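Participant: Pasting a structure here, questions to come.
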Amino acid sequence: MRRLRILTQLVRADLLERTRRYSFLITLGVMVYVGYLAVPSIASKALTVDLGNIRGIYNSAWIGSMIALISSMVLSLPGFYLVKNAIERDRKTGAGQIIATTPLSKPLYTLGKAVSNFVFLTLIIAVVALAAGGMQFIRGESTQLDLWALVAPFLFTTLPTLMLVAAVAVLFESISFLRSGFGNIAYFVLWTAVITISMSGVSFGSQGVIEEPVNDLFGASVVAASMHEAAHTAFPEKNLDLGIGYTRVEGEIQTFRWEGVTWTGDVLLGRLLWVGVALGIALLSALFFHRFDPARGGRRTSERRGLIARALAPVRALSLPSLHLWRRVSLPMPPLPPFGRVLVAEIRLMLKGLPWWWYVGAIGLFVAGAAGGADPEARRGLLGAAWIWPVLIWSGLGVRERTHRTGPIVFSAPQPLGRQFVGMWVGGTLVTLLTGSGVGLRLVTSGAWHHLLGWGVAVLFIPTLALTLGVWSGTSKFFEALYVAVWYIGPISGLAIFDYMGLSQEALDHGLPFIYLGLTAALLLAALIGRWRQVRG
Amino acid sequence: MTNNSMRLSIQDVSKRYDRDVWGLRDFSLELELGVLGLLGPNGAGKSTLMTIIATITQPTEGRILWNGTDIAQVPNDVRAVLGYLPQDFGVYPNLNAVEFLEYMAAIKGLSARTARQRIEELLDLVNLAPEARRRPLGGYSGGMRQRVGIAQALLNDPGLLIVDEPTAGLDPEERVRFRNLLSDLAGERIVILSTHIVTDVEAVATDIALIENGRLVRHALPEELLQAVEGKAWEVVVPSDELPALKERAIVSSTARRSDGVHARVVSDQRPDDGAVPDEATLEDAYLYVISGNGRA
């Protein structure tokens, strides 16, 4: 009983703290809008779940399932970043030290935090479910409200997914090297992999949908199998295809009546499996959670004591300079004019504290870029790698003053915009230029001037994007998640519109470097306004 | 920066945080060279006033003039001569003390030579051991970090020095050292020292402002405040079960339990008890007396 009360209080405090933030309202707004987009107007030729120009009538079952499915996929990405601060907040506010002195056990704490994360995400989904009911009447194709058919998909597809997201967030916060920027990027990679694996089992074949609950984190195969069955009965002669996502279709859209998934014991067991996994992860987190021990709180100290570091300890002792020693290396301040000194100080701030292997990697990428940057495919890989390498440096731009609480002393210095802000931006740009200079050099020597233009625009665009998002969001997470997503879709996967590096011929043909140059100017202005507001208090 | 004509004029300044929540109301004060001790209970508005003077935030009403220039309109004039130590501030954990101060010197616009010279001087002044200066700030104790904070505030030899709870986290020896430092600095600049530690103010303040609920309650010289409670400080010995009743009818500034009962220090217009013995008034007595609603003229 006492444990339950502790758990309830943990959840309550977190929930109150989170729901009183603007980010909560913004997320609610965005999610309700996603719900709105998930049910395109009857007159439009748009579909979000397309069975080959066939869709279900917009009844409670169809709308509930569609929005639930799309919500669980969409919210599982930003939802993680929204809740990955429960332990961090206790650490920063000092409440953690107080908690550590109570009899609260580590498993109960991590479980409590996971439940707290889950309740918060559930609250968002509850509002989305409410909006889904509204959408049924807005579209008006079926006005008979079947509450169970509407809500059940949220309960059985969305909530287990979110429980897992909630628990993974706690795990990432408990493991020291996943706690900060690296963890944010690692989650994006994990999320992309999970989406790919989950959706690979949801395509329609001659035997319909094969339900694989072990692969299907989002519960999509359960819903798709049921839809397939109903559609096949309604249109036995048609070759059914499945597409999830907003698409515009040609020709007439046919409809059929679908009454929703029959939530059998087997189906529920498949979904419960993920709840079990989530609880397991939450409890597993307790193994890594250091209970706010200040001696183990520091990232690097913990890294040294981490499992991986322990395994590498003998190698480190034999041949590599110690991290501690490396951090003590002091870079001298050269005698420069005032702005030059601000610039050097900013660059030093960006680079100080990076592990030795970061520099080794950067030098390696420079050499590889200079040697092999002429070939378009090699260039994609090399420049892509060179410009993901400093992501944690960029994500600190515009955020450091808040993260390290130096804002009051930095902003009360003379000309905080003309001096420190410009120094930070130029510093970020120089870091970008240096890390991509291997390929840049190769582009110059091979006379690939068009590509050099794209490269040059990226040098300006990347740090400016980071600075703007940092200043306005006040967190490094936003840039880390967004940049990695755009980097993956654009330069790496080759979608021209997001190819801000100008790697593909298509991007150059469409004049994208100029568009990104204009965007850079707009972003810089936005960052300047944001910083001006911060300085003005 | 030494200038006898320095003047900070705070004119009817108010700060509203929410519709009905005011951090500061109609606050006016004229300051010239010397140390102003800003005293008030928690939440009185001390930090709000400090952040407005430090140009971190804007007043909702009123204005502050630095040598006749409105600091909200032209903040760089005051920023050029400002040293600010906030109550709650952070440092960059991967930089060492020298690098952090070099960074701050650069953004404050100090020349390379001046910066180098000042940093060494200041690190000596705040008693930061040479071997500690090259250690990342992330590993510093609270007191050491506070000393780096004090050093950064003094980097540009400020004409206006604002220090908010500066001795928090310092050990007694360092606290005395800092108080002496403030006294040494006082003649050439305006120093605003915000604290709830009355003994800190007692040691260095040339004048005192008492603030409560966002309003200026009293601005006076320390001796004027002491005069307000002259003959009103008493020592009373009461049985411990009578202490609550004494607290009900008089201001009890301190108590000590002895074998003959509780020795209570009382501030009261009338003799609080037949056995009460008059005692010499302290600034703490005066502070409690004024804050409890007396002597606000």
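Coordinate-derived values only; no laboratory data. Bear in mind the structure is a predicted one, so any value in this text is a computation, not a measurement. Cβ: placed from backbone, ideal geometry, glycine included. Neighbour counts: every protein chain shown.
Participant: So, in nm, how far is label residue B:270 from label residue B:76 when the simple model puts each one 7 Å beyond its Cα toward the Cβ?
Facilitator: Inter-label distance under the simple model: 6.4 nm.
Participant: Here is a further query. Show me, bin by bin at 10 Å from 0, the whole-percent P(r) of region B:8-226 based on Cα pairs.
Facilitator: 8, 34, 36, 19, 3, 0
Participant: Sticking with this structure for a sec: Provide the three semi-axes, in whole Å and in decreasing order, of the ellipsoid equivalent to region A:431-507 as defined by the square roots of 5 times the Cα gyration tensor eigenvalues. Mind showing how you got there, number by number?
Facilitator: Details: eigenvalues 115, 44, 16 Å².
Over the Cα atoms of region A:431-507, the semi-axes work out to 24, 15, 9 Å.
Participant: At q = 0.10, 0.11, 0.15 Å⁻¹, work out log10 I(q)/I(0) for region B:91-204 with the Debye formula, treating every Cα as an identical point scatterer and leaving solvent out; two decimals please.
Facilitator: Values, matching the q order: -0.28, -0.34, -0.64.
Participant: Fewest first, what order do A:244, B:150, A:393 take by the number of other Cβ atoms within 10 Å? Can you show the working numbers first?
Facilitator: On the way: A:244 19, B:150 25, A:393 22.
Arranged by neighbour count, lowest to highest, A:244, B:150, A:393 become A:244, A:393, B:150.
Participant: Specify which residue in the list B:110, B:205, B:83 is farthest towards the positive end of the charge dipole of chain B, using unit charges on the beta carbon of Lys, Arg (+1) and Asp, Glu (-1), about the Cα centre.
Facilitator: Checking the options against the dipole of chain B, the answer is B:110.
Participant: Next question. What is the Cα coordinate range of region A:336-536 on the first, second and third principal axes, sorted by size from largest, in whole angstrom?
Facilitator: Largest to smallest, the principal-axis extents are 49, 35, 31 Å.
Participant: Once all Cα-Cα distances of region A:69-158 are split into 5 Å bins that start at 0, what whole-number percent is in each one?
Facilitator: 3, 11, 18, 18, 14, 10, 9, 7, 5, 3, 2, 0
Participant: Just to confirm the filter: which GluC sites (Glu not before Pro) across region B:213-297 are DSSP coil and have at most 15 other Cβ within 10 angstrom of their Cβ? Write down the numbers at each step before the final one.
Facilitator: Values: sites: B:223, B:224, B:230, B:235, B:242, B:248, B:280, B:284; in loops: B:230, B:280.
Sparse-neighbourhood loop GluC sites (Glu not before Pro): B:230, B:280.
Participant: Now for a different question. I need the calculated FRET efficiency for the pair residue A:257 and residue A:496, taking r as the beta carbon distance and R₀ as 45 Å, to the nearest 0.05.
Facilitator: Taking R0 as 45 Å, the efficiency between residue A:257 and residue A:496 is 0.65.
Participant: Can you tell me the Rg and the Dmax, both Å, for the Cα atoms in region A:2-297?
Facilitator: Radius of gyration, then largest Cα-Cα span, for region A:2-297: 20.5, 69 Å.
Participant: Shifting gears a bit: Counting Lys +1, Arg +1, Asp -1, Glu -1, what net charge surrounds residue B:81 among other residues with beta carbon under 13 Å of its beta carbon? Mind showing how you got there, number by number?
Facilitator: Details: positive: B:7, B:79, B:108, B:189; negative: B:77, B:157, B:188.
Taking every Cβ under 13 Å from that of residue B:81, the sum is +1.
Participant: Can you find, among B:276, A:149, B:93, the residue sitting farthest towards the positive end of the charge dipole of the protein assembly as shown, where Lys and Arg contribute +1 and Asp and Glu -1 at Cβ?
Facilitator: Checking the options against the dipole of the protein assembly as shown, the answer is B:93.
Participant: Take the Cα gyration tensor of the protein assembly as shown, multiply each eigenvalue by 5, square-root it, and list the three semi-axes largest first, rounded to whole angstrom. If you can, show how the numbers build up before the last one.
Facilitator: Numbers: eigenvalues 640, 261, 131 Å².
Ellipsoid semi-axes (Å, largest first): 57, 36, 26.
Participant: Between exposed GluC sites (Glu not before Pro) in chain A, where DSSP calls loop and at most 12 other Cβ atoms lie within 10 Å, what's the longest gap? Please list the in-between numbers first.
Facilitator: On the way: sites that count: A:237, A:250, A:252.
My reading of the result: A:253-537 is the longest stretch.
Participant: Okay, next question. Among bridges DSSP assigns within the protein assembly as shown, what percent are antiparallel (round to 5)?
Facilitator: Taking every DSSP beta bridge within the protein assembly as shown, about 65 percent pair in antiparallel fashion.
Participant: Can I ask one more? Could you please rank A:449, A:394, A:258, A:389, placing first whichever residue has the fewest other Cβ atoms within 10 Å of its Cβ? Please report the intermediate quantities before stating the final value.
Facilitator: Values: A:449 9, A:394 27, A:258 23, A:389 16.
Going from sparsest to densest Cβ surroundings: A:449, A:389, A:258, A:394.
Participant: Another question, if that's okay. Of B:254, B:240, A:504, A:285, how do they rank once you tally other Cβ atoms within 10 Å and put the fewest first? Walk me through the intermediate numbers first.
Facilitator: Working: B:254 13, B:240 10, A:504 20, A:285 26.
Taking fewest neighbouring Cβ atoms as first place, the list is B:240, B:254, A:504, A:285.
Participant: Also, I was wondering about something else. Determine the dipole magnitude for the protein assembly as shown: charges of +1 sit on the beta-carbon of Lys and Arg, -1 on that of Asp and Glu, nothing else is charged, the reference point is the Cα centre, and the result goes in debye to the nearest 20. Walk me through the numbers before you get to the answer.
Facilitator: Values: 76 positive and 71 negative charges, 343 e Å.
Charge dipole, the protein assembly as shown, about its Cα centre: 1640 debye, nearest 20.
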